[in-house]
Amino acid sequence: MSLNSRRGFLRGSTSMAALAFVGTMQALQSRNANAATGSSGLVASPYGPVAPALDEATGLPLLQLPEGFAYRSYGWSGDPMNDGQPCPSNHDGMAVVASYGRGNSVDVVLVRNHERGQSANLIQAPAMYDTAASSTNGRFAGGGTTNLRFKGRQWIGMEASLGGTLTNCAGGPTPWGTWLTCEETGSNLESQGGKKHGYVFEVRPNAAETTGKPIVAMGRFSHEAVAVDPTTRYAYLTEDSRNKSGFYRFIPNDASGRSGSYEAGGKLQMAKVVGKTNADLNVASTGDTHRIEWVDIADPDANPVAIALPGFVGTTSVAGPFAQGWAQGGLRMARGEGIWHSDGKLFIVDTATGVNAAGVGGNGEGAVWEYDLATGLLKAAFVSLDAVAANNPDNITISPRGGVLLCEDGGGVDDQGLGRIERLVGLTADGASFVFARHNVNLGAGQIAAAGKLVAPGDYRSSEFCGACFDPAGKVLFVNVQQPGITFAIWGPWARGPL
């Protein structure tokens, strides 16, 4: 499928997928509103129970999957890339940005983040941002991105595409076939001989075309994810800073919808609830609805400042853009995470909405918010009742069939008596959650050596899933586990369930 054909396919399938997705969200609201106290809402998977399945690449039992599903691992931390340098660690957000060809010979290009802080070495890529060794510890900005290719049911290769960044957590694909990678930090390394960090960068399918230019106008803060409205080309951004997270909108000067257009700058805004100053969304109930307006951020590149904020003793450091928005009555979330656009709506994950056992707000199990771009209404579509139902969901994706899939990042749930294990959680048509897959990387030195890998032995099952995304035809699910750093391609009888 050519890139243009891919875009046509996605446009043609959007309405169908969105209907299924919105139907699921409505069912979730009903189910959660009527659930008995303490009910997990977790049901048996329509795909069947999961069990350890062998990786077609290594023969190791790296995932637990339903019967009929198969997978192939690739791009482990330390594996040699196309140019011989080792694959970076700390895999995170990811998306399919391009596909070419037809039928079973489709050549898919993905961009994958690496959530690395200061490191002993740089990711050497065609585009480099901050290459200075710190004057205080001799370390480099170790984050960046790699591009991967997958064809049929085989991995083809991988190469570095961006280096010299910090803590590349999530991001989002653009309608024009690129990836926006986000630095989840507000660090300033200028005093150490480096540069300021906390920006968004655009990565092209062809790594050599990536510029490494920060999109300063999209703000400097602890970025998590981005979703682009394909009609207006406005970008919507989440912030991950506990109990001091804004929700932002970027209006580009160049709305042509082409590679590099955001690098021409634009206006940053922060969300505010109409008629309510400094609305606190740290705690929510399913069905809560707010009308949103937007306030301008005069200086998107402002440094962090200390302000008084409810729930904090004295003052607390917040991002410069958040401080400006808060001063104008802007809202706050607990921890903004994944965001996805579908048919005129944004679906936003706040991984910590709710209260903990001590009753402290902004420390719950998480929620999914729905923002209607046409009406400006923000609605709590799903609030997790307990960790078994959804344990701090992070990334979110929607299959071409309209199925909803959440990546957990809560340190794992012991729902089998086997220890804390992270899961991929799907949503059924009637609004219940189910386990589609479980992390199963628990390996000894002998197993790792036999597979020819360089990761350390250990039990990694409590490490997060991240970067879930489907190919345009919905045949293959791609996903990462952050530790020990592995990318998977999964295929099977998707039609048996809602994904």
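The values are calculated or read from the model by the stated rules, or taken from the named source; none is laboratory data. Quick caveat: nothing in here was measured; it's all calculated off a predicted structure. Here the Cβ is made from the backbone with ideal geometry for all residues, glycine too, and neighbour counts use every protein chain on show. These area figures cover heavy atoms from the full protein model, side chains too; ligands, DNA and RNA do not enter into them. Shrake-Rupley method; radii C 1.70, N 1.55, O 1.52, S 1.80 Å.
With each pseudo-label sitting 7 Å past Cα toward Cβ, what's the Ala327-Val295 distance in nm, one decimal?
It is 1.0 nm.
What does the highest-first list of 182-190, 52-60, 280-288 look like by mean Cβ count within 10 Å? The partial results should precede the final answer.
On the way: 182-190: 22.2, 52-60: 16.6, 280-288: 18.8.
Top to bottom by mean Cβ count within 10 Å: 182-190, 280-288, 52-60.
Ratio to report: Rg/Rh of the stretch 304-382, with Cα atoms as the point set and Rh obtained by the Kirkwood method; give two decimals.
Working: Rg = 14.3 Å, Rh = 14.1 Å.
Over the Cα atoms of the stretch 304-382, Rg/Rh equals 1.02.
Sorting Arg102, Arg204 by accessible area (1.4 Å probe), largest first, what list results?
Numbers: Arg102 195, Arg204 15 Å².
Heavy-atom accessible area, descending, gives Arg102, Arg204.
Roll a 1.4 Å probe over the protein chains and send me the accessible area per residue for the chain in Å². Don't skip to the end; give the middle numbers.
Details: 17170 Å² over 499 residues.
Accessible surface, normalised per residue, equals 34 Å².
Could you work out [θ]222 nm for the chain from helices alone, using -39500 (n - 2.57) per DSSP H run of at least four and dividing by all its residues? Round to the nearest 500 deg cm²/dmol.
Result for the chain: -3000 deg cm²/dmol, rounded to the nearest 500.
State the dimensionless ratio Rg/Rh of the stretch 457-499 (Rg: radius of gyration of Cα atoms; Rh: Kirkwood radius).
Working: Rg = 12.3 Å, Rh = 11.6 Å.
Ratio of gyration radius to Kirkwood radius for the stretch 457-499: 1.06.
Leaving ligands and nucleic acids out of the surface, order Trp340, Trp76, Trp155 by accessible area at 1.4 Å, largest first. Each step should come with its number before you reach the end.
Values: Trp340 65, Trp76 0, Trp155 30 Å².
The residues order as Trp340, Trp155, Trp76, largest area first.
From the backbone phi of the stretch 349-365, what are the Karplus-calculated ³J(HN,Hα) couplings (6.51 cos²θ - 1.76 cosθ + 1.60, θ = phi - 60°) in whole Hz, Gly and Pro given as x?
9, 10, 6, 10, 4, x, 10, 8, 4, 8, x, 7, x, x, 9, x, 9
To the nearest 10 square angstrom, how much accessible area does Tyr371 have with a 1.4 angstrom probe?
Its accessible surface works out to 10 Å², give or take rounding.
Per 0.36 nm of contour for each residue apart, how much would the distance between Ile156 and Asp459 grow if the chain were fully extended, relative to their Cα-Cα spacing?
Working: separation 303, 0.36 × 303 = 109.08 nm, distance 2.85 nm.
Full extension from Ile156 to Asp459 adds 106.2 nm.
Among Asn356, Ile398, Ala450, flag the residue with its Cα farthest along the positive direction of the charge dipole of the stretch 344-494, charges on Cβ as +1 for Lys/Arg and -1 for Asp/Glu.
The residue sitting farthest along the positive end of the dipole is Ala450.
Would you mind giving the average projected area, over all directions, of the Cα convex hull of the stretch 304-350 in nm² with one decimal? Mind dumping the intermediate values first?
Working: hull surface 16.3 nm².
Averaged projected hull area, Cα only: 4.1 nm².
Relative contact order of the stretch 197-251: what whole-number percent is it, with Cα pairs under 8 angstrom and at least 6 residues apart? Mind showing how you got there, number by number?
Working: 86 pairs, mean separation 14.0, N = 55.
Normalised by residue count, the contact order of the stretch 197-251 is 26 percent.
By per-residue mean of other Cβ atoms within 10 Å, what is the highest-first order of 482-491, 259-268?
The peptides rank, most packed first, as 482-491, 259-268.
Where the only charges are on Cβ atoms (+1 Lys, Arg; -1 Asp, Glu), what is the dipole of the chain about its Cα centre, to the nearest 20 debye? Present the calculation step by step, with values, prior to reporting the outcome.
Numbers: 38 positive and 44 negative charges, 158 e Å.
Dipole about the Cα centre, nearest 20: 760 debye.
By how many nm would the segment from Asp430 to Thr231 lengthen if fully extended, with 0.36 nm per residue of separation less the alpha-carbon distance?
Numbers: separation 199, 0.36 × 199 = 71.64 nm, distance 3.02 nm.
Computed gain between Asp430 and Thr231 is 68.6 nm.
Using only the alpha carbons, work out the radius of gyration and Dmax of the stretch 50-154 in angstrom.
16.8, 54
Determine the dipole magnitude for the stretch 393-439: charges of +1 sit on the beta-carbon of Lys and Arg, -1 on that of Asp and Glu, nothing else is charged, the reference point is the Cα centre, and the result goes in debye to the nearest 20.
Values: 4 positive and 7 negative charges, 36 e Å.
Once rounded to the nearest 20, the dipole reads 180 debye.
Students often forget the sequence filter, so: which aspartates and glutamates lie under 14 Å Cα-Cα from Lys151 once same-chain residues fewer than 8 apart are removed?
Those aspartates and glutamates meeting the cut-off are Asp107, Asp471.
In the stretch 302-331, what chymotrypsin sites (Phe, Trp or Tyr not before Pro) fall in a loop by DSSP, with at most 16 other Cβ atoms inside 10 Å?
On the way: sites: Phe312, Phe322, Trp326; in loops: Phe312.
Counting only loop positions with at most 16 other Cβ atoms within 10 Å, the chymotrypsin sites (Phe, Trp or Tyr not before Pro) in the stretch 302-331 are Phe312.
Can you tell me which of 228-237, 345-354, 404-413 comes out highest on packing, and rank the rest after it, using the mean Cβ neighbours within 10 Å? Don't skip to the answer; put the middle values down first.
Numbers: 228-237: 19.6, 345-354: 25.9, 404-413: 24.0.
Going from most to least packed, we get 345-354, 404-413, 228-237.
Past 25 Å, Cα to Cα: identify those pairs from Lys244/Lys267; Lys379/Lys475; Lys213/Lys267; Lys196/Lys267; Lys244/Lys272; Lys196/Lys453, in the order given.
Values: Lys244/Lys267 21 Å; Lys379/Lys475 31 Å; Lys213/Lys267 17 Å; Lys196/Lys267 20 Å; Lys244/Lys272 14 Å; Lys196/Lys453 35 Å.
Too far apart for the 25 Å limit: Lys379/Lys475; Lys196/Lys453.
Carbon and sulfur together cover what percent of the accessible area of the stretch 396-481 at a 1.4 Å probe radius?
Details: 1260 of 2470 Å².
The nonpolar share, carbon plus sulfur, comes to 51 percent.
With every protein chain present, what accessible area does Lys244 have (1.4 Å probe, heavy atoms only), rounded to the nearest 10 Å²?
30
Taking the inverse of the average 1/r across all pairs of different Cα atoms in the stretch 344-495, what Kirkwood radius in Å do you get?
Averaging 1/r across every pair of different Cα atoms and inverting gives 16.7 Å.
If the chain between Ser135 and Val360 were fully stretched, how many nm would it gain, using 0.36 nm times the residue separation less the Cα-Cα distance? Kindly include the intermediate steps, with their values, before the conclusion.
On the way: separation 225, 0.36 × 225 = 81.00 nm, distance 4.00 nm.
So the chain would gain 77.0 nm between Ser135 and Val360.
Based on the Kirkwood radius over alpha-carbon pairs, what is the Stokes-Einstein translational diffusion coefficient of the stretch 204-249 at 25 °C with 0.890 mPa s viscosity, in µm²/s?
On the way: Rh = 12.3 Å.
In µm²/s, the coefficient is 199.
Kindly sort Thr315, Thr178 by accessible area of their heavy atoms, largest first, with the probe set to 1.4 Å. Please report the intermediate quantities before stating the final value.
On the way: Thr315 90, Thr178 0 Å².
Output order, biggest surface exposure first: Thr315, Thr178.
Which value, in debye to the nearest 20, describes the size of the charge dipole of the stretch 262-367 about its Cα centre when Lys and Arg Cβ atoms bear +1, Asp and Glu Cβ atoms bear -1, and nothing else is charged? Display every interim value, and only then the final one.
Values: 7 positive and 11 negative charges, 51 e Å.
It works out to roughly 240 debye.
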